[in-house]
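The block underneath contains the structure these notes are about, expressed in structure tokens.
The values are calculated or read from the model by the stated rules, or taken from the named source; none is laboratory data. These numbers come from a predicted model, not from an experiment. With ideal geometry, Cβ positions are generated from the backbone for all residues, glycine too; neighbour counts draw on all protein chains shown. Surface accessibility is based on the protein's heavy atoms, side chains included, excluding ligands, DNA and RNA. Shrake-Rupley method; radii C 1.70, N 1.55, O 1.52, S 1.80 Å.
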Amino acid sequence: MQSEPIRVLVTGAAGQIAYSLLYSIGNGSVFGKDQPIILVLLDITPMMGVLDGVLMELQDCALPLLK
């Protein structure tokens with residue numbers, strides 16, 4: 001049985017440091033292989049275009065833990 005999803009806020013989500021961490025968070029390496037995740041991605045307004053690209057990449061990965 002899967003547990004309830006936890007919300008994880010990532011600030012500066014369109015930046016290089018956050019970008020390098022998002023896949024590890026989404027694939028279960030950080031919170032466990034059975035922990036569903038709701039990612040909340042936050043960045044400044046001028047970065048919204050880049051953030052849209054990051055979101056599309058995460059969706060393309062089809063990580064089963066991401067809700």
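Just a few scattered comments:
- Charge dipole (Cα centre; +1 on Lys/Arg Cβ, -1 on Asp/Glu Cβ; no other charges) of the chain amounts to roughly 160 debye.
- Angle in degrees between helix 16-26 and the longest Cα principal axis of the chain, rounded to the nearest 10: 20 degrees
- Taking other residues whose beta carbon is less than 13 angstrom from the beta carbon of Ala13, and scoring Lys, Arg as +1 and Asp, Glu as -1, yields -3.
- Proximal charge balance of Gly53 [Cβ under 13 Å; K/R count +1, D/E count -1]: -4
- Ranking of Thr45, Thr11 by solvent-accessible surface, largest first: Thr45, Thr11 (1.4 Å probe, protein heavy atoms only, all chains present).
- Low-density loop positions, chymotrypsin sites (Phe, Trp or Tyr not before Pro), segment 9-43 - DSSP coil, at most 13 other Cβ in 10 Å: none
- Fully extending the segment from Thr11 to Asp52, taken as 0.36 nm per residue of separation minus the present Cα-Cα distance, adds 13.3 nm.
- Between helix 48-61 and the chain there is an angle of about 30 degrees, using the helix long axis and the longest principal axis of the Cα atoms.
- Cα pair distances in the chain, grouped into 5 Å bins until the bin that holds the longest one, percent each: 4, 18, 29, 26, 14, 7, 2, 0, 0
- Other residues with beta-carbon under 12 Å from the beta-carbon of Pro36 carry, at +1 per Lys or Arg and -1 per Asp or Glu, a net charge of +1.
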